[in-house]
Each structure stands twice: as C-alpha cells, then as structure tokens.
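The values are calculated or read from the model by the stated rules, or taken from the named source; none is laboratory data. Treat the numbers as computed from the prediction; the structure is a model and nothing was measured. Heads up, the Cβs are rebuilt from the backbone with ideal geometry, glycines too, and the neighbour counts pull from every protein chain shown.
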Amino acid sequence: MTQYQRIPLLVLILAVLFSQPDSVCAAEPVRPDASQLEFFEQHIRPVLIEKCADCHSGDADAESTLAVHSRAALIQGGDYGPAILPGNAQQSLLFQSIQRTHKELKMPPDADEKLKPETITHFKRWIEWGAPWPAEKPKPVTTSQKTKPQKMTTSHWCFLPRKELAPPTVSNPKWSVSPIDRFVYTRLQKEQLQPVGLASRRTLIRRATFDLTGLPPTPQEVKAFEDDPETDLKAFTRVVNRLLSSPAYGERWGRHWLDVARYADTQGDVGDFPIPGAYLYRNWVIDAFNTDLPYDQFLKAQLAGDILAEREADPEQARQLKIATGFIALSRRFGNTRYEDQNLTIDDTIDTVGRGIMGVTLKCARCHDHKFDPMLATDYYGLYGIFESTLYPSMGASNQPSPAQLVSAENDPDSQQKINEYWDLLSYYQHQIRNHFRPWLKPTLEEYKDVTAKIEAAKISKSPTDKLEQQRQKLLAAHKGKFRELMLHGLPWLKAEKARLVKAPPAEMLYAVIDGKPHHSRLHRRGNPENPGDIVPRQFINVISKSKPEIDKTESGREELAEWLTDPTHPLTSRVIVNRLWYHHFGHGLVKTVDNFGVLGDTPSHPQLLDYLAGQLIDQQWSLKALHRQIMLSRVYRLDSHDITENSNRDPDNVFLWKYTRRRLDAESIRDALLFVSGELDCEQGGPHPFVPWHKKGYSLNRPFHEDFPTKKRSVYLMTQRLYKHPFLGRFNGPETNETSGTRDSSHLPTQALYLMNAPLLPELAEAFGKRIQQSAGTEEKQIIQAYQLAFSRNPTAVELSEAAQFLEYYREELKTEQPDEDTDAGQNAWTGFAKVLLTSNEFFFVD
C-alpha cells in the first residue's frame with residue numbers, strides 16, 4: 001500500500017472515531033477530584049435542573065431530544081449534535097448557547113432569564129475540566145409526608161460521635177509534656193519521620209505575633225523575649241498571653257470568621273447595594289473574639305440573637321444580640337426586586353451554616369437527596385423552613401430602591417411596628433416619584449387634572465359636583481391607589497415629604513433579622529420554587545438528630561437550631577472550629593478540606609487529636625483563647641521550618657507535622673505590616689463607611705455600586721464589596737465575599753510585584769518608612785540596623801550591613817549625577833529606595 005493509498009483509510013478511521021457518541025469523547029474523565037465534584041454539585045447541577053430540565057428531561061414527550069440528566073446524555077446531545085465536548089468549552093454547543101453566541105441556539109430562550117456571567121464562567125471551567133460528573137448511586141428517597149420517614153445511617157467518620165481518648169504515652173521526654181505533642185509524635189514514629197528542632201526565639205515571636213495579631217512584632221518586643229531569662233516555654237507563654245490580650249487579636253481572628261460568614265458591606269448581585277450598617281456586625285465579631293465570648297454563645301447569638309434579645313434586660317446587650325444576627329442578614333441578595341429570588345438568599349444562608357459551622361455541603365441536597373453524604377432533600381427543606389420563617393432586611397433593589405424590614409434596636413414591639421410603617425410609607429412615596437413620568441400614567445394624571453379643574457369651576461358657579469367628585473375618586477383609586485398623593489399634592493410635595501421622612505426615622509434601625517410568620521416549607525422539586533412538593537416539617541439533619549425537634553409554633557426555629565448545633569454531643573460543630581484554628585496556625589487543617597468533612601472531603605491526618613481537642617474546647621467552656629494557648633504552647637507549633645530531604649521526599653506536604661510550614665502572609669497582613677513598619681497604621685477601630693445615603697443615589701445592573709474608600713486603618717476595616725475586589729486585597733488572594741470560605745489561596749505572581757512598585761500605596765509607605773528609619777538613630781549604621789529590626793525582626797548580618805551602606809551611597813551619588821540642577825533630597829530619596837527593597841523582599845512577605 002502506497003503512502004497515498006493510506007490517506008483515505010486514515011480519514012475513514014478518524015471519521016468512525018469521531019462519529020461515535022460513546023467513544024473517546026464520552027469516556028469518563030480521569031478520576032475527577034473531590035473539589036471538582038463538589039463544584040459540580042454547587043454550581044452546575046442546580047442550574048441544569050432549575051433552568052434546563054423542564055424542557056430537556058429526556059422523556060418521550062419532552063420539548064427537545066436533548067437530555068441533561070447525565071454526562072453521557074449531554075455528550076450524546078440532541079438534534080444539533082453533542083451538547084458538550086469535554087475539555088473544549090468554546091466548541092461545546094451548551095456553552096455557546098448559554099453564552100448566546102450560537103446563531104440558532106440561545107438558552108434559556110427568554111433573554112430576560114439569561115444566565116449570569118458568573119454562572120457562564122462556572123460552566124466554562126467545568127467543561128474544560130472534562131465535565132466531571134459523579135457516579136450515580138441509588139439511594140432511598142424520602143421527599144413526601146405520605147412516605148414513612150427513613151432514618152439515615154452512616155459509617156462516615158464525621159457524622160459519628162466523638163471519641164473520648166486519652167493522649168498516648170511516649171518515651172521521648174521532649175514530646176511528652178503537651179498532650180498535642182504526644183498525639184503528633186506517635187504519628188511521626190508510625191510514619192518513621194524524624195522531627196526538626198525548635199525554632200529560635202526571634203523566629204517564634206514573629207510567627208506567633210503574625211498568627212495572633214496579623215502584625216509583626218516590634219524590635220522592643222523581640223528583644224524582651226530574647227532577653228527573658230525564663231525557660232523557652234515559660235517565656236513564650238508570656239508572649240502568647242500578651243498577644244491574646246491585645247485588641248489586634250480580635251481584629252486578626254475576627255477577619256478569619258468574617259471569611260466564614262462571607263462578610264461584605266454590600267448586598268451582591270444586581271446593583272450591589274451598599275449596607276451602611278454592616279460594619280456593626282463586623283465590629284461585634286471582633287469584640288466577641290477579644291472578650292473571648294464562648295464559641296457556643298458566639299454561634300447562638302449569630303443564629304438567634306434577636307430571640308435571645310427579647311429576654312435580655314440590658315438594652316445595650318439586647319442591641320448587640322440583634323446586631324449579631326448580621327451573620328444571617330448578610331446573606332447574598334439576588335434579582336432586581338427585593339425578594340423575588342429569596343430562595344437563593346436562603347440557600348446561601350443554609351450553605352453558610354452547613355459548610356461554615358458544620359463542615360458539610362448542605363446545599364447539595366437542594367435539588368435531590370445528597371449524592372455523597374447521608375443527607376436527604378427533606379433535611380435541606382427542614383432547615384429551609386426555619387429561614388423562610390425569618391424576615392431578612394434589604395437596603396433596596398433596582399426596582400425597589402428603598403430599604404425594607406430593618407430591625408429596631410429597641411426591645412419594643414411598637415418601635416418595630418413604627419419602623420415597618422415608616423419604610424412602607426417611604427416605599428409608597430418613592431414608587432410615585434420614580435414613575436410619575438410613565439407614558440401609561442400620563443392619561444390618568446391629565447384626566448385627574450381636568451376633572452379637578454372642572455370641580456373648582458363648578459364650585460365657583462355653584463353647580464353640582466357629585467358626578468365629578470365620583471370621577472375624581474375613581475381616578476385617585478386608579479392603579480390600585482398607588483399614585484394618590486401625586487394627584488392630590490403634586491411631585492414637589494412628594495419629594496419634600498420624602499426628604500422630611502428621611503431625616504426623621506422613628507428609631508435606630510439595624511441590618512439584622514427577626515422572626516416572620518413561622519411555618520413549614522414545601523419541598524422544591526428539582527430545586528425549583530415554582531414547582532412545590534409536599535410540606536416538610538422544620539427539622540435538622542436526620543443522620544445526626546435522634547428525634548424530631550420540638551419547635552415552638554410561634555418562632556422560626558432558629559434558637560432550637562442554635563441549641564442543636566452547640567450541643568456538646570453534636571459530632572461536627574466543635575471538630576470544625578478546632579480544625580479552623582489548626583489551619584490558621586499551621587497552614588493546613590487536621591482535615592485538609594476545612595469546609596467539607598463529608599465523603600468528598602479529606603480524612604483527618606490525626607483523627608484522635610482532632611477529637612481530643614474538640615473535647616478540650618467543650619471542657620474549657622468553649623474558650624477559643626484557651627484552645628490557642630494549648631496549640632501554640634505545644635512543641636509541634638514551636639518547631640523550626642528548615643527542611644530534611646528524607647522527610648520531604650516521604651511527606652512533601654508536611655501532613656504529619658515534622659516541621660513548621662513556611663507561609664506567605666495573607667493579603668490583610670501584608671497591607672497591615674506595610675503600614676505598621678512605616679509608622680502609618682491607624683490602630684483605632686473602624687466605623688461606618690462614607691456611603692452616599694440610599695435616598696440620594698440608586699444602583700442597578702448597568703450602574704452597580706463601585707467604590708474604594710482610602711484609609712490607613714487595619715485591613716479588616718476596609719470596605720468590602722461582593723461584585724468588585726479591593727484593589728490591594730484582591731491581588732493578594734483576599735477574602736471571598738460571595739460564599740463561605742475557610743481557606744485562602746496563596747499565589748505568587750509577577751503582577752503582584754508590579755502592582756506594589758507602581759500603585760501609590762507602596763511608594764508612599766516606603767517614603768514614610770525611610771523617614772522613620774532616619775529619625776530612629778544618629779548614625780547610618782544604627783539606622784540600617786533599625787530598618788532590619790522593623791522589617792524582619794532581626795539584626796542585619798555583617799554582609800547585609802555593608803551592602804546596605806553601599807546601596808545608600810550609590811543611590812545618593814546616582815541621583816546627584818542624574819539630577820545635578822534639581823532641588824532633590826538625595827539622602828531622603830536613597831532611604832526611600834532602600835525601604836522599597838526591604839518592603840518588597842521575600843523575607844518581609846513570609847513567616848518561618
């Protein structure tokens with residue numbers, strides 16, 4: 001066979017391969033990882049079910065031959081061919097249709113229901129991953145009251161009761177002092193890993209200070225620790241106690257919780273309306289950490305503070321309890337109208353309670369029984385009813401720009417009633433002002449004006465006005481009476497009355513939640529609220545709850561939920577918060593997937609230690625500060641970070657804790673450290689942001705809120721948006737504000753260095769740092785030493801000292817040569833340049 005005879009055969013083989021829907025393209029992706037499957041369940045499957053399944057069900061009488069119930073069905077496709085080409089989003093018909101770039105296919109068909117850019121990006125990522133889809137496992141379904149409820153069982157570790165274990169006995173005296181060390185050392189021996197030695201005092205105080213306060217230690221603090229004559233452990237105990245007593249501790253660890261609470265100062269989605277009162281919840285969290293509010297009380301306040309406030313005699317304590325419910329109130333908003341997509345806001349709340357407090361993906365049971373974990377759709381809708389019985393506040397929406405359902409700071413039902421009436425009236429006036437020019441309203445206004453003129457003329461002539469008055473009243477009642485004041489008093493009166501009301505609120509109002517009308521929810525078939533199923537009683541998670549909760553018919557059930565979550569026997573709550581603390585101290589949790597303890601999550605590296613510490617937390621009255629001490633005073637926390645090649649080959653991720661893992665500072669610590677060492681940090685607690693008042697500016701899809709308010713306060717006090725990242729924090733893996741997140745990525749990109757060198761912040765702080773150095777000592781050598789102590793918490797080496805002096809001299813001479821006629825301060829500019837070098841070095845950005 002010649003070369004030319006082989007070509008048609010090759011073409012034929014390729015044609016056969018690519019014409020088979022179940023061939024190469026239909027193959028299952030290579031072992032999708034757990035995070036990809038979780039991504040699918042959270043971001044892809046709900047959209048397929050809610051937006052696509054009605055027309056693409058695969059049934060014989062379906063509107064389309066395309067089915068979306070499985071990966072194979074999507075690859076097989078419909079009349080137009082395969083819907084997805086795994087690995088190639090741009091060539092996939094599904095992606096083209098939801099992007100609305102295909103000539104014929106545009107999905108959903110109604111342009112008003114087109115998918116959000118964020119959702120389209122999710123589909124693009126999913127297809128490019130190879131369209132990972134979990135294997136279907138048959139599971140009994142309990143979705144109807146008419147079906148006998150099924151009691152779920154499981155052998156998965158996280159749903160089982162904690163084990164009360166005594167720390168193991170170890171022979172090595174260095175590793176036998178702390179119970180934590182005994183657990184860790186036992187595992188190290190099992191894995192045949194030799195731990196490194198202890199870190200130096202200088203390394204340890206820098207590590208601990210950043211860990212507990214998010215700031216570097218001062219040179220004075222470093223010297224005091226290094227000179228402390230006590231044993232290393234006793235001297236370090238003093239350091240830890242001092243740091244835990246610092247107000248900076250609450251700012252640091254409050255920020256960690258705000259990540260879990262997906263805190264933001266804006267509502268999200270259309271318009272991204274600002275929330276002027278959100279800062280009160282932020283500050284409540286910070287103060288709660290500083291006062292060491294027991295973790296169980298911390299959770300109860302956030303879930304049911306408004307209910308607890310009713311029994312609180314102290315007015316300020318009651319107010320603070322209501323503020324704490326910002327945890328729920330700050331759930332993300334969706335849509336153009338205040339509560340049109342309230343189901344999505346409640347879904348966000350349930351997801352935050354699930355992953356944030358319990359470490360399980362509850363929202364995966366929104367559309368169907370959970371595909372992996374032992375949770376039913378009825379579990380999800382049992383919780384859904386609790387939050388559907390709750391009134392969420394709103395700062396407005398595109399179609400309804402005035403706030404609603406804000407909560408009175410007072411424990412007075414009359415005060416809350418006055419607030420509700422106040423917002424109803426303002427909304428009523430606002431509607432008339434916003435629509436006074438509508439073409440459909442114009443005939444009514446003109447007719448009213450004409451009838452009114454005729455009535456006035458009839459009065460002058462003393463003619464009958466009965467029929468005219470009837471016509472007038474009919475016009476005032478037109479459009480459901482929603483334009484009565486506009487006709488009676490005119491637009492100027494409406495604007496003046498609105499302005500008067502805005503300046504005279506009846507009471508202090510909080511962005512918080514209160515109970516609405518308590519009720520059970522209906523199950524949403526396929527997760528669609530427009531397709532309701534049977535009523536599901538308010539309840540908790542079947543596999544954990546021993547019995548149905550007794551929820552008062554007059555309350556939402558949030559207090560009962562809080563009590564259930566904080567019950568000492570609950571298998572998840574204490575484990576999850578212990579793991580979060582461990583993650584922030586060591587860079588990875590005892591369970592690596594800190595937000596997911598379920599089947600798709602990782603198993604604990606030290607399960608006995610996790611249960612031991614969870615028990616310790618409860619035994620110590622849920623004190624997080626006590627848990628910090630226990631962790632930080634262990635030997636494993638005080639290990640050095642240097643490498644051992646043999647260990648690295650066997651345990652490259654340091655899962656078994658044979659050393660301390662070197663880490664880059666998070667975004668807030670980078671910014672705060674820059675401000676701190678330059679002497680520019682404002683350490684006062686942050687307050688409200690300078691938002692334009694709600695009545696002076698509206699926001700919409702095409703004109704969303706977007707601002708950046710410069711400040712030199714700590715980063716936790718920066719205004720945080722949902723739709724737009726902060727210009728500094730966003731570049732350094734800052735907080736995720738659209739969903740609960742217990743971890744941060746840590747990228748190292750050239751663009752980060754470029755941003756630091758070109759954005760105005762670093763040059764400004766480098767100049768301030770340079771001036772601070774010059775003023776710190778009388779000689780250049782002492783000034784260089786002070787610079788290193790401030791930036792790196794250490795003295796420079798002899799080589800560094802020499803190189804720094806040469807740099808300064810060279811810089812000054814170059815400036816004189818390049819700008820001989822300009823009036824420049826070469827000395828100050830040289831110190832500014834030297835400061836830039838220190839502030840952008842790796843050593844400044846990393847903690848050993």
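Is the stretch 542-559 home to any residue that is assigned to a helix (DSSP H, G or I) and at pLDDT 95 or above? Give the derivation first.
We begin by selecting, within the stretch 542-559, every residue assigned to a helix (DSSP H, G or I); these are 558-559.
Narrowing the set further to residues that are at pLDDT 95 or above leaves 558-559.
Within the stretch 542-559, one or more residues are assigned to a helix (DSSP H, G or I) and at pLDDT 95 or above.
Considering the stretch 313-331, the residues that are outside any helix (DSSP H, G or I) and at pLDDT 95 or above include one that is farthest from Q267 (Cα to Cα), namely D314. F273 meets each of the listed conditions (1) closer than 29 Å to G698 by Cα; (2) surrounded by fewer than 23 Cβ atoms within 10 Å (Cβ to Cβ) apart from (2).
Exactly one residue among T554, T593 is touching a residue at least 12 places away in the same chain (Cβ under 8 Å), surrounded by fewer than 17 Cβ atoms within 10 Å (Cβ to Cβ) and of a type in the set (S, T, N, Q), and that residue is T554. Count of the stretch 545-570 residues, restricted to those that are in contact with a helix residue (DSSP H, G or I) (Cβ under 6 Å, 6 or more places away or on another chain) and closer than 18 Å to W157 by Cα, is 2. Of all residues in the stretch 207-225, those that are within 15 Å of A235 (Cβ to Cβ) and in contact (Cβ under 8 Å) with a residue 24 or more places away in the chain have Cβ atoms under 6 Å from Cβ atoms of residues that are outside any helix (DSSP H, G or I) and of a type outside the set (A, V, I, L, M, F, W, C), 6 or more apart or on another chain, in T209/P217; P217/S793; V222/S793.
Every test in (1) of a type outside the set (D, E); (2) part of a helix (DSSP H, G or I); (3) within 24 Å of H584 (Cα to Cα) is passed by L193 save one, and that test is (2).
Looking at (1) crowded, with 20+ Cβ neighbours inside 10 Å; (2) assigned to a helix (DSSP H, G or I), find the lone condition where S648 falls short. Failing condition for S648: (1).
Against the condition charged (D, E, K, R), over 30 Å from N399 (Cα atoms), in a loop (DSSP other than H, G, I, E, B) and touching a residue at least 60 places away in the same chain (Cβ under 8 Å), how does K625 come out, does it pass? Against the criterion (charged (D, E, K, R), over 30 Å from N399 (Cα atoms), in a loop (DSSP other than H, G, I, E, B) and touching a residue at least 60 places away in the same chain (Cβ under 8 Å)), K625 does not qualify.
Within the stretch 628-645, the set of residues being over 16 Å from R187 (Cβ atoms) and in a loop (DSSP other than H, G, I, E, B) comprises L633, R638, D640, S641, H642, D643, I644.
Determine if the stretch 345-367 includes at least one residue that is in a loop (DSSP other than H, G, I, E, B) and surrounded by fewer than 24 Cβ atoms within 10 Å (Cβ to Cβ).
We begin by selecting, within the stretch 345-367, every residue in a loop (DSSP other than H, G, I, E, B); these are 359-361, 366-367.
Of the ones still in play, those that are also surrounded by fewer than 24 Cβ atoms within 10 Å (Cβ to Cβ) are 367.
Yes, because at least one residue in the stretch 345-367 is in a loop (DSSP other than H, G, I, E, B) and surrounded by fewer than 24 Cβ atoms within 10 Å (Cβ to Cβ).
Any residue in the stretch 488-504 that is touching a strand residue (DSSP E or B) at 6+ places or on another chain (Cβ under 7 Å) and either of a type in the set (S, T, N, Q) or surrounded by 14 or more Cβ atoms within 10 Å (Cβ to Cβ) (or both)? Looking for residues that are touching a strand residue (DSSP E or B) at 6+ places or on another chain (Cβ under 7 Å) and either of a type in the set (S, T, N, Q) or surrounded by 14 or more Cβ atoms within 10 Å (Cβ to Cβ) (or both), one finds none in the stretch 488-504, hence no.
Checking every residue in the stretch 617-637 against the condition of being in contact with a Pro (Cβ under 8 Å, 6 or more places away or on another chain) and on the phi > 0 side of the Ramachandran plot gives at least one match. For the stretch 449-498, a residue qualifies if it is in contact with a Lys or Arg (Cβ under 7 Å, 6 or more places away or on another chain) and either touching a residue at least 12 places away in the same chain (Cβ under 8 Å) or part of a helix (DSSP H, G or I) (or both), and the qualifying residues are V451, T452, I455, L468, L476.
Quick grid of which residues meet (1) assigned to a helix (DSSP H, G or I); (2) at pLDDT 95 or above:
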position	(1), (2)
I785	yes, yes
Y788	yes, yes
E813	yes, no
D821	no, no
F844	yes, yes
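Residues in the stretch 54-71 that are modelled with pLDDT of 70 or more and touching a Cys at 6+ places or on another chain (Cβ under 9 Å): S64, L66, V68. Taking first residues from the stretch 733-750 that are in contact (Cβ under 8 Å) with a residue 60 or more places away in the chain and partners that are surrounded by fewer than 18 Cβ atoms within 10 Å (Cβ to Cβ) and charged (D, E, K, R), the Cβ contacts under 7 Å between residues at least 6 apart in sequence or on separate chains come to N733/D745; G734/K725.
Being closer than 17 Å to G679 by Cβ, part of a helix (DSSP H, G or I) and more than 42 Å from the chain's Cα centre (by Cα): is that true of Q806 here? No, not satisfied. Within the stretch 500-514, the set of residues being in contact (Cβ under 8 Å) with a residue 24 or more places away in the chain and in a helix (DSSP H, G or I) comprises L501, V502.
Evaluated against (1) farther than 19 Å from L657 by Cβ; (2) polar (S, T, N, Q); (3) loosely packed, with under 15 Cβ neighbours inside 10 Å, T213 falls short on exactly one condition, (3).
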